[in-house]
Every structure is written in structure tokens, then in C-alpha cells.
1. Given (1) over 21 Å from the mean Cα position of the chain (by Cα); (2) over 19 Å from D182 (Cα atoms), where does A146 come up short, assuming only one miss?
2. Which of the residues spanning region 81-99 are assigned to a loop (DSSP other than H, G, I, E, B) and within 27 Å of the chain's Cα centre (by Cα)?
3. Please list, ordered by residue number, the helices (runs of 4 or more DSSP H) wholly in region 156-238 having 2 or more residues that are surrounded by fewer than 20 Cβ atoms within 10 Å (Cβ to Cβ) and either β-branched (V, I, T) or free of Cβ contacts under 8 Å to residues at least 60 places away in the same chain (or both).
4. Quick check: is even one residue across region 126-138 out of contact with any Asp or Glu (no Cβ under 9 Å at 6 or more places or on another chain), surrounded by 21 or more Cβ atoms within 10 Å (Cβ to Cβ) and closer than 21 Å to P202 by Cα?
5. Quick one: which of D25, D48 is buried (at least 17 other Cβ atoms within 10 Å of the Cβ), at pLDDT 90 or above and out of contact with any Leu (no Cβ under 9 Å at 6 or more places or on another chain)?
6. Which one is farthest from L235 (Cα to Cα), of the residues in region 31-52 that are without any contact (Cβ under 8 Å) to a residue 60 or more places away in the chain and of a type outside the set (A, V, I, L, M)?
Amino acid sequence: MRTPLQGGLLPAQGGAGPVVEIACDESGFSGTNLLGSAAPVVTHASVDLSRAEAAALITELRSGFRFSPHELKSGRLLRRPDAGEALAWLRDSLAGRAHVRVIDKRFFLVTRVVDLLLGEPSNASGIRLPPALAPAAVALHEARPAAPEDWDAFLAAFAAMVRVKRRRPAAEVLHRFLAARDTLAGHELGDPARAVLAGLRPDRVRVMLARVDAGDPAVPPPLEPMLPALAETVLFWSRGGRRVLVVHDEQSALTTGRLSRLRDALAGGTGESPLAGLVMTDSRDDPRVQIADLLAGVARRTPAEMNLAERPLNDPGTIV
């Protein structure tokens, strides 16, 4: 027996302009365990196919490439001897009808350090780091080769500090983070990165930690890359003034409260939000989500095949 689907956002009633319905799924999601996962990136794929079009693609994969009913997964596809031919066919079949958002988990954590501890976090900055803070994030990220172990320990200390369901008291995780900051700052990182670390003042960190612990709704979830991934997906499909109705495989990170704040943040306080709503579904019931799932898995495992390998960190990749 299936459990009831959780989360989602009821579609808005009325509204001006056309609505495009897209189906989405992700690959590489590891919850708040962003550093311990074997997958260094999260890929979020979306398609604007109809159910009939998606079903036809699946039928062709199973007949033309002799896929079994249980083989429509990226890992199995990529192990096939004809994987290259199948991927080329899939890419051509989805020309202009699909989009993949790629998020590097480490770089995402760096943006959260900079946003929460150097800027003034908001649900809008949780979607996309403000341009004024981007150089700080790049400088901190590019410092890793100078001290990879201490750099990783610094990010791990940050993640442990801002994790909502942590086991250790605030004073202890705060001390560990500041100690990791000081250790990292002791290396030859370059002036830009050292300036970023110097700006992470204890008083500022203490105040932000208290806000995170209190569940301040103005502070975006520090360890949820699915939210900016979904936001960028919606912004991509909303080009031309369209509103976007999302059909998504069930995803624990996309709670109703978070989606409501995301909808408001995308509206920018000046107009109608491009996010018309989000409906959770089971991928077994929707062939469009199955195609999105396949695309997300392929893009995560073989970015070069999907023309994503050379794109900047946290930048969207598009199947065209």
C-alpha cells in the first residue's frame, strides 16, 4: 500500500498569462548530507512533454533499443553496449523540450556560508546569491586546493552548525566552526579568501545561529539545494511571461511552507509569481517524470554527454 504524497503547493486560481506544465525529478539528492554523499552534484531535470509524448519515448526506448520494463534507469542505460547511441537519440528527441539544472554541493555550501554570515539572508538570496556577494563565494571556493583537508573540515563544521536536527549544543558547534575558520585562515589562501574568513565574525555567526535555531522564516534553509534548483528551473521555463505549473516526483525537501515562501520570493514583491503551483506525484504513475528521472540521472553520471561538463559552478545546463 502506498503512503499519501506529502508536500506540494496548490495551484493558484486565476492569474494572467499562459501556463506551461513541466514534469521534474532529481538525481544525487542526499538530504542535508551534502559532504558525505558519493554524488558531488545534484541534477534537477524538467521536461515539457505531454503524457502521450513521454509514453511514446519510453515505448521507443523499450522497442528500438530493447529496454526491459525494469531497465529505464540511467545506471542500467549507461552500462549497455549501445548506451552512446541511445543517449544521442534521447538528446535529439528532447531538443528544446528539456532542461537540466546542475548544483555542485560544495559550492552550494560556500554560497550559504557567504549569504548567511556576510550578507543579509532572505528567501530571495537563498534562490540566487546576490551579485555583490558572488566574488566572496568564488574566492572561498577557489581556496580549496591550498588546503583541501582543512577546507573540507571548515565546510563540514559549517554544515554541522546550521543543521536543524543536530545533536550537539549551539555553543559547541559554534566553537568548532570558529576553530575550523582559524585553522583554514592559517594557510596561504590568497588575500580575497583570507578577507572572507576574517569577515566571519563570532558575533555575526552567533546571531545567525540563533536565528537558524529559532526557525526564522526569513532565513532560507541552509542545507537544501533542491530549493534553488527548483527556483532556477521555474525561472527558465517562465521566460516569455509564462507561469509554470510543476509536476514533481515526491520530494521531502519541497514542503508546503517552503514552496509558499519560494513562490513569494520569485514574485519579487512586485507582481505575480512565475510559480503557479507544484503537484507531487509518484513517478510510476507519470511517464513524463520517468523521462525527467532518466535525464537527471544521465546528466549527473555523464555530464559530458549532456553538454554540461564545462559549465560554471551552479550554472544551468540546457538540452537544446
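1. Condition not satisfied by A146: (2).
2. Here is the first cut: in region 81-99, the residues assigned to a loop (DSSP other than H, G, I, E, B) are 81-82, 94-97.
If the condition is that a residue be assigned to a loop (DSSP other than H, G, I, E, B) and within 27 Å of the chain's Cα centre (by Cα), then L94, A95, G96, R97 are the ones that fit.
3. On the way: elements: 170-185, 191-198, 202-213, 226-237.
Answer list for region 156-238: 170-185, 191-198, 202-213.
4. Here is the first cut: in region 126-138, the residues out of contact with any Asp or Glu (no Cβ under 9 Å at 6 or more places or on another chain) are 131-132, 134-136, 138.
In the following step, the residues that additionally are surrounded by 21 or more Cβ atoms within 10 Å (Cβ to Cβ) were identified as 136.
In the following step, the residues that additionally are closer than 21 Å to P202 by Cα were identified as 136.
Checked region 126-138: at least one residue is out of contact with any Asp or Glu (no Cβ under 9 Å at 6 or more places or on another chain), surrounded by 21 or more Cβ atoms within 10 Å (Cβ to Cβ) and closer than 21 Å to P202 by Cα.
5. Details: D25 fails: out of contact with any Leu (no Cβ under 9 Å at 6 or more places or on another chain).
Answer to the check: D48.
6. Step one: of region 31-52, the residues without any contact (Cβ under 8 Å) to a residue 60 or more places away in the chain are 33, 36, 38, 52.
Filter again for of a type outside the set (A, V, I, L, M), leaving 33, 36.
Values: N33: 27, G36: 30 Å.
Top of the filtered list is G36.
Residues are listed down the side, and each one gets a yes or a no for (1) farther than 28 Å from S252 by Cβ; (2) out of contact with any Phe, Trp or Tyr (no Cβ under 7 Å at 6 or more places or on another chain); (3) of a type in the set (S, T, Y):
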{"position": "L129", "(1), (2), (3)": "no, yes, no"}
{"position": "E142", "(1), (2), (3)": "yes, yes, no"}
{"position": "F154", "(1), (2), (3)": "no, yes, no"}
{"position": "A180", "(1), (2), (3)": "yes, no, no"}
{"position": "L230", "(1), (2), (3)": "no, yes, no"}
{"position": "T233", "(1), (2), (3)": "no, yes, yes"}
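The values are calculated or read from the model by the stated rules, or taken from the named source; none is laboratory data. Treat the numbers as computed from the prediction; the structure is a model and nothing was measured. Ideal geometry is used to build each Cβ from the backbone, glycine not excepted, and the neighbour counts take in all protein chains shown.
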